[in-house]
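Colleague: Take this structure, written in structure tokens, and hold onto it; I'll ask about it next.
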Amino acid sequence: MNRISHWIDGKVVAGTSGRSGAVWNPATGEQQATVDFASVEEVDAVVATAKAAFPGWRATNLSRRAEVMFQMRELIAANRKEIASLLSAEHGKVLSDALGEVARGLENVEFACGIPNLLKGGYSEQASSGVDVYSIKQPLGVVAGITPFNFPAMVPMWMFANAIACGNTFVLKPSEKDPSASMFLAELLKQAGLPDGVFNIVHGDKVAVDRLLDHPDIQAISFVGSTPIAKYIYETGTRNGKRVQALGGAKNHMLVLPDADLDMAADAAVSAAYGSAGERCMAISVVLAVDSVADALVERIQARVPDIKVGPASEPDNEMGPLITGEHRDKVAGYIGGAAEEGATVVIDGRDGVPEAGFFLKPSLIDHVKPGMKCYDDEIFGPVLSVTRVASYDEGLALINANQFGNGTAIFTRDGGAARQFEFDVQVGMVGVNVPIPVPVSYYSFGGWKASLFGDQHMYGPEGVNFYTRTKVVTKRWPDPRSSTVDLGFPQNR
């Protein structure tokens, strides 16, 4: 059976802890590999490697760092199908979805190619007589990323591209459920000319995570995952003096007003709810349908769901694959039965007619869902779409703003005034207007509000550069020796 080990100092290094985890094929339900789990001592060795590589990489000029990113961009583009096949094999997502993940991750590498411009500081000449002041951005040192199972290629690229381009060295702890894509990216970084030790991978579980959070040489932690773990990462990391950005869960609402194009809204709801089997933090979980169009909208969504082809990624016509594990599949399925018990209407039950092998669940549609029901309150993270009926725009907005999460939201309307008011009023970090999944392009930044984000900086883009650097301000004077005198007073600008 295939064994997946760590990546340290530019090469694969077998684990020595004696502990490992199973990597499953979600489409068949069979184990296909084992992944080494690191001990505290192994994490320490990885961090020591990254720390030793930092002085040389930090001193590397910006043109050279940009060149590595340009080379990495070309290598990812050339190998996108191989990366996508690894995603399909271990995560289960169909090939088209996997290729989309690679493309969105690649955008962040492209953004990092502009690092010479992104690291420019400010300059003020003659701030005082003969005195100039300027600011510079410098790297932090060794930084770490802890990434989720649902985007095992894209989310690491959200982190390491900017971190490395800014001059840091990086330790990645990918999800133990689908670790192979990160190992392939490590090989590509080496081919791109990245010096050994600048990018490292340590696999593991809570032991590895806790050591990264505790280690005194880790300066910053980036995390994407569930809200309880994000909160733990943030509190533990900051208590240990680290800079932390921890992105948590979501419950994304899509408000459909009476003037919306209902066919367009139905297409969007189906696409955003069931793509990637609903295992994404930007999936639409709840459609808020204004009463006057709710029946018509539900009918349109219901008509579209049976056309979704569910099955393994090995069959190219399939549009939705399995869930990541059998345990998670069963948890998601439990929400469907629970919704009926709480008084909601299960319009389409995704538990029916699923393939016998693998961790499959078909799309589910639940109507008449209300706050207080578990299927409304919890982040399900699966192919379950709830419909909540509201009397008006104001009631829909109030529900969105009352939710504990504030990751993404969308409004569907033809009314520009209503859309603009929604942008102004809604308490959510990423907003779509007739766009169901408003994931920002790479030159903006990704992140929500409330329980969807712990920390002050969002992921990737300009805020990502800020997160991986600290600002130094230099005040400089080259005085005329003839005018130099002793002055014990406080420095003056006038």
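The values are calculated or read from the model by the stated rules, or taken from the named source; none is laboratory data. Computed from a prediction, not measured in an experiment: that's the story for all the values here. Every residue, glycine as well, gets a Cβ built from its backbone with ideal geometry; the counts of neighbours run over all protein chains shown.
Colleague: May I ask you to verify whether Leu297 is under 27 Å from the mean Cα position of the chain (by Cα) and crowded, with 22+ Cβ neighbours inside 10 Å?
Modeller: So Leu297 fails the test.
Colleague: Which condition number does Tyr134 fail, the rest of (1) over 21 Å from the mean Cα position of the chain (by Cα); (2) of a type outside the set (Gly, Ala, Ser); (3) assigned to a loop (DSSP other than H, G, I, E, B) being met?
Modeller: Every condition holds for Tyr134 apart from (3).
Colleague: Return yes or no: is Ile76 touching a strand residue (DSSP E or B) at 6+ places or on another chain (Cβ under 9 Å) and in contact (Cβ under 8 Å) with a residue 60 or more places away in the chain?
Modeller: Here the answer is no, as Ile76 does not meet what is asked.
Colleague: Does Val347 fit the bill of being surrounded by fewer than 18 Cβ atoms within 10 Å (Cβ to Cβ), more than 21 Å from Phe405 (Cβ to Cβ) and at pLDDT below 95?
Modeller: Values: surrounded by fewer than 18 Cβ atoms within 10 Å (Cβ to Cβ): yes; more than 21 Å from Phe405 (Cβ to Cβ): yes; at pLDDT below 95: no.
Considered against the rule, which asks whether it is surrounded by fewer than 18 Cβ atoms within 10 Å (Cβ to Cβ), more than 21 Å from Phe405 (Cβ to Cβ) and at pLDDT below 95, Val347 comes out as no.
Colleague: Taking into account only those residues within segment 461-494 that are among the hydroxyl-bearing types (Ser, Thr, Tyr) and not in a loop (DSSP other than H, G, I, E, B), which is farthest from Ala127 (Cα to Cα)?
Modeller: Residue satisfying both the conditions and the ranking: Thr469.
Colleague: Ala78 is checked against (1) within 16 Å of the chain's Cα centre (by Cα); (2) farther than 27 Å from Ala273 by Cβ; (3) surrounded by fewer than 21 Cβ atoms within 10 Å (Cβ to Cβ) and fails just one. What number does that condition carry?
Modeller: (1)
Colleague: Here is a further query. Out of the residues in segment 350-372 meeting the condition of being aliphatic (A, V, I, L, M) and at pLDDT 95 or above, tell me which one is farthest from Glu90 (Cα to Cα).
Modeller: Val369
Colleague: Would you be able to tell me the number of residues in segment 366-397 that are in contact with a Cys (Cβ under 9 Å, 6 or more places away or on another chain) and either over 20 Å from Ala272 (Cβ atoms) or not hydroxyl-bearing (Ser, Thr, Tyr) (or both)?
Modeller: Residues flagged as in contact with a Cys (Cβ under 9 Å, 6 or more places away or on another chain) and either over 20 Å from Ala272 (Cβ atoms) or not hydroxyl-bearing (Ser, Thr, Tyr) (or both) within segment 366-397 amount to 5.
Colleague: Do you know which of the residues in segment 421-460 that are of a type in the set (Phe, Trp, Tyr) and outside any loop (DSSP other than H, G, I, E, B) is nearest to the chain's Cα centre (by Cα)?
Modeller: Looking at residues that are of a type in the set (Phe, Trp, Tyr) and outside any loop (DSSP other than H, G, I, E, B), I get Phe446.
Colleague: A follow-up question, please. Which residue is surrounded by the most Cβ atoms within 10 Å (Cβ to Cβ), if the candidates are limited to segment 6-57 and must be in a loop (DSSP other than H, G, I, E, B) and polar (S, T, N, Q)?
Modeller: Ser39
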